[in-house]
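Undergrad: Submitted below is the structure of interest, expressed as structure tokens.
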Amino acid sequence: RAPHSPLRTLLILLPLLFLSSNCYYSTSASALPSTIKTVAIPLFQDETFETDIKEQLTDAIVEKFLENNQLRVVDVRDADAMVIGTITDVREEALAFSQGIINELRIWIVVNVRFEDVGNRNVLWEEEELLTFGDCEVVTGTETDREKGIELAVIKMADEILNRTISGW
């Protein structure tokens, strides 16, 4: 068998290197305008009868922005931008039954939310009826089981709002 020539090896590797260099993907780029360095997150409005959910969601969003550290969370009067929202619905869906008894629930949270540039009075993104959910086992049959589902849905919603704000999707 004849040895491979260096030219043949180069002709095979060159297209592969070219193709692989075009497949690079990065999520580090921000969709934020360069003028936005701070964000205010006022208490969300609540159109539901769900106890403490507006505090839970607002606190979770603030926590996600603090963890992310791309925008500094500040008071409304010092903010370059604001996340403004209203919780419009909290829904339950039975996922699993055993002998006619619900043993798993899905809790949906529905929010209208927008992210706006305060200086330009420009809405950077807005979503009507943004949905997230949290699944929970019904163990005790008390409100505590349901609260676990709400907590999971709140965390997902906070993640979703942060991602849309920072990444633009």
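No value in this document is a laboratory result; all are computed from the given coordinates. Only a predicted model underlies this, so the values are computations on that prediction, with no experimental measurement involved. When we count neighbours, we look across all protein chains shown, and the Cβ atoms used for this are built from the backbone with ideal geometry, even at glycine.
Undergrad: Which lysines, on any chain, are close to residue 156 with Cα under 20 Å apart, when same-chain ones fewer than 8 places away are left out?
TA: Of all the lysines, those that pass the test against residue 156 - Cα under 20 Å, at least 8 places apart if same chain - are 54, 64, 148.
Undergrad: Right, next: Could you state the orientation-averaged shadow area of the convex hull built on the Cα atoms of segment 112-169, in nm² to one decimal?
TA: Averaging across all directions leaves 4.7 nm² for the Cα convex hull.
Undergrad: Return the long-range amide H neighbours of residue 132 (sequence gap of 5 or more, or a different chain), with a cut-off of under 5 Å between placed amide H atoms.
TA: Amide H neighbours of residue 132: 109.
Undergrad: Further question: Along segment 119-130, what does the Karplus equation 6.51 cos²θ - 1.76 cosθ + 1.60 (θ = phi - 60°) give for ³J(HN,Hα), rounded to whole Hz, x for Gly and Pro?
TA: x, 8, 6, 10, 7, 7, 7, 8, 9, 8, 6, 5
Undergrad: Another question about this same structure. Given H placed 1.01 Å from N in the peptide plane, which residues other than close sequence neighbours of residue 118 have an amide H under 5 Å from its amide H?
TA: 81, 82
Undergrad: May I pose another question? Can you put 115, 97 in order, fewest other beta carbons within 10 Å first?
TA: 97, 115
Undergrad: Ok, one more. On the Cα set of segment 31-167, report Rg and Dmax in Å, please.
TA: Values for segment 31-167 (Cα only, Rg and Dmax): 16.5, 58 Å.
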